[in-house]
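S.K.: Quick one: structure below, then a few questions.
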Amino acid sequence: FAARQATQSVLGAAQRRAFSATAANATRVAVLGAAGGIGQPLSLLLKLNPRVSELALYDIKGAPGVAADISHINTKSTVKGYEPSSPDAIKECLTGAEIVLIPAGVPRKPGMTRDDLFNTNASIVRDLAKAAAETCPDAAILIIANPVNSTVPITAEVFKAKGVYNPKKLFGVTTLDVVRASRFISQLKNTDPATEHITVVGGHSGATIVPLLSQAGYKLEGAERDEYIKRVQFGGDEVVQAKGGAGSATLSMAMAGARFAESLLKAAQGEKSVTEPTYVDSPLYKDQGVTYFASQVELGPNGVEKIHPVGDLDAHEQSLLEVCLKDLKANIEKGEKWAKANP
Ligand code: NAD
Ligand code: LMR
């Protein structure tokens, strides 16, 4: 009898574990801009993620086709595509979403800066942010659309105007900078990039991208250092040039976006000490008027758990940070000003 009781209690615990795992894994993830260059491979990678139970794909065109295609992949999650032929499509897509990824917007062509995308992408992001603020105000919002330095503050202003802003749930996705920083140092040092963890702080454009090599024990000098920094800061331009007018990074960005979403999901589902650099509403440089900043952020069930300071910098990194803060402040103010003038 005692043995049976023990077996039952073990079974009960196993069943409870199974149940709570299922409940915790019931995560609806929405991708807005899902039929684009990033949206398609990002949606594919999310379909392969067992932590996602429902995938909701929205685009102004093509999302039902992408959804039908991806839905045949033999993983458990359901997939549905939404397009604006029905006025409620965006609301239906976002209902119940816990994570919303926004890669909707135009990409760069050679010769353009990310800021040159502002005029087109600001209103796209504002309108999608409005729909999210109205429909899933508690979701984690992951902004991929450029210029990230400004589209994140725009999103925050939309949520503030609706009275639902939660700074712990808004993220500018800067993971691609981290991925590049690791890959490029591994090429220089002939190491395994999977073991390279280079923190990148600041923002997501040119001089606002600041890789911190010294914290990983590296000290590059002279031209080698300058070329490495330039490659991380302008890695996006390398891809824009190579694609010759057909867009910017899509596949590496999809991987980076899926990695960041996976980190959020892990943290939401109870894993501890999940940390990623990401661009968030940050206290670190508020006294200098820089209200959003990317640094290592510990993630938890409620989104941002802890924002880490940048840590020790060498003199060169300190000078890069100073330039970064100046540019970032201007990008943030531009986004906030535009959002207030164009509610
Ligand atoms: P793309 O043109 O291939 O795809 C964009 C998609 O957004 C298209 O399918 C389009 O129909 C859709 N779209 C446009 N307006 C929309 C709206 N109002 N609602 C829903 N969908 C809409 O572009 P892409 O290569 O996928 O790049 C998308 C954005 O991501 C660009 O702004 C690009 O600069 C940015 N990006 C950011 C990073 C990063 O590191 N954060 C990396 C690469 C690209
Ligand atoms: C990137 O870093 O690849 C993206 O921000 C796209 C771009 O415009 O460079």
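S.K.: Quickly run through the range 215-236 and pick out the residues that are part of a helix (DSSP H, G or I), surrounded by fewer than 17 Cβ atoms within 10 Å (Cβ to Cβ) and of a type outside the set (A, V, I, L, M).
M.R.: Of everything in the range 215-236, those that are part of a helix (DSSP H, G or I), surrounded by fewer than 17 Cβ atoms within 10 Å (Cβ to Cβ) and of a type outside the set (A, V, I, L, M) turn out to be Gly222, Glu224, Arg225, Asp226, Glu227, Lys230.
S.K.: Using the structure shown, decide if Leu320 is at pLDDT 95 or above and more than 14 Å from the chain's Cα centre (by Cα).
M.R.: It is true that Leu320 is at pLDDT 95 or above and more than 14 Å from the chain's Cα centre (by Cα).
S.K.: Related question: Any residue in the range 238-265 that is free of Cβ contacts under 8 Å to residues at least 24 places away in the same chain sitting within a Cβ distance under 8 Å of a residue that is within 14 Å of ligand 2 (Cβ to nearest atom) and among the small types (Gly, Ala, Ser)? List the pairs, counting only those 6 or more apart or interchain.
M.R.: That search, which allows pairs on different chains as well, returns Val239/Ser248; Val239/Ala249; Val239/Ser252.
S.K.: With the condition kept exactly as written, say whether any residue in the range 119-130 is among the basic types (Lys, Arg), in contact with a Lys or Arg (Cβ under 8 Å, 6 or more places away or on another chain) and modelled with pLDDT of 95 or more.
M.R.: Among the residues of the range 119-130, at least one is among the basic types (Lys, Arg), in contact with a Lys or Arg (Cβ under 8 Å, 6 or more places away or on another chain) and modelled with pLDDT of 95 or more, which makes the answer yes.
S.K.: Hey, can you tell me all the residues within the range 280-296 that are touching a residue at least 40 places away in the same chain (Cβ under 8 Å) and more than 15 Å from ligand 1 (Cβ to nearest atom)?
M.R.: Correct list: Asp281, Tyr285, Gln288, Gly289, Val290, Thr291, Phe293, Ser295, Gln296.
S.K.: Let me ask something else. Identify the single condition in (1) surrounded by 17 or more Cβ atoms within 10 Å (Cβ to Cβ); (2) of a type in the set (D, E, K, R); (3) in contact with a helix residue (DSSP H, G or I) (Cβ under 7 Å, 6 or more places away or on another chain) that Asp314 does not satisfy, given that it satisfies every other one.
M.R.: Result: Asp314 passes all but (1).
S.K.: Tell me, please, whether a residue that is surrounded by fewer than 15 Cβ atoms within 10 Å (Cβ to Cβ), within 16 Å of ligand 2 (Cβ to nearest atom) and among the small types (Gly, Ala, Ser) can be found in the range 107-119.
M.R.: Checked against the condition, which is being surrounded by fewer than 15 Cβ atoms within 10 Å (Cβ to Cβ), within 16 Å of ligand 2 (Cβ to nearest atom) and among the small types (Gly, Ala, Ser), the range 107-119 yields at least one hit.
S.K.: Give the range 237-279 a look and list any residue that's more than 12 Å from ligand 1 (Cβ to nearest atom), of a type in the set (A, V, I, L, M, F, W, C) and either surrounded by 19 or more Cβ atoms within 10 Å (Cβ to Cβ) or closer than 20 Å to His308 by Cα (or both), or say none.
M.R.: Ala258, Ala261, Leu264, Leu265, Ala267, Ala268, Val274
S.K.: Of these, Val304, Val323, which one is of a type outside the set (D, E, K, R), surrounded by fewer than 18 Cβ atoms within 10 Å (Cβ to Cβ) and touching a residue at least 60 places away in the same chain (Cβ under 8 Å)?
M.R.: When all the criteria are applied, what remains is Val323.
S.K.: Conditions: (1) in contact with a helix residue (DSSP H, G or I) (Cβ under 6 Å, 6 or more places away or on another chain); (2) within 22 Å of Leu42 (Cβ to Cβ). Thr278 meets all but one. Number of the miss?
M.R.: (1)
The values are calculated or read from the model by the stated rules, or taken from the named source; none is laboratory data. On a predicted model such as this, the values are computed, not experimentally measured, just so you know. Using ideal geometry, Cβ is built from the backbone for each residue, glycine included, and neighbour counts are taken over all protein chains shown.
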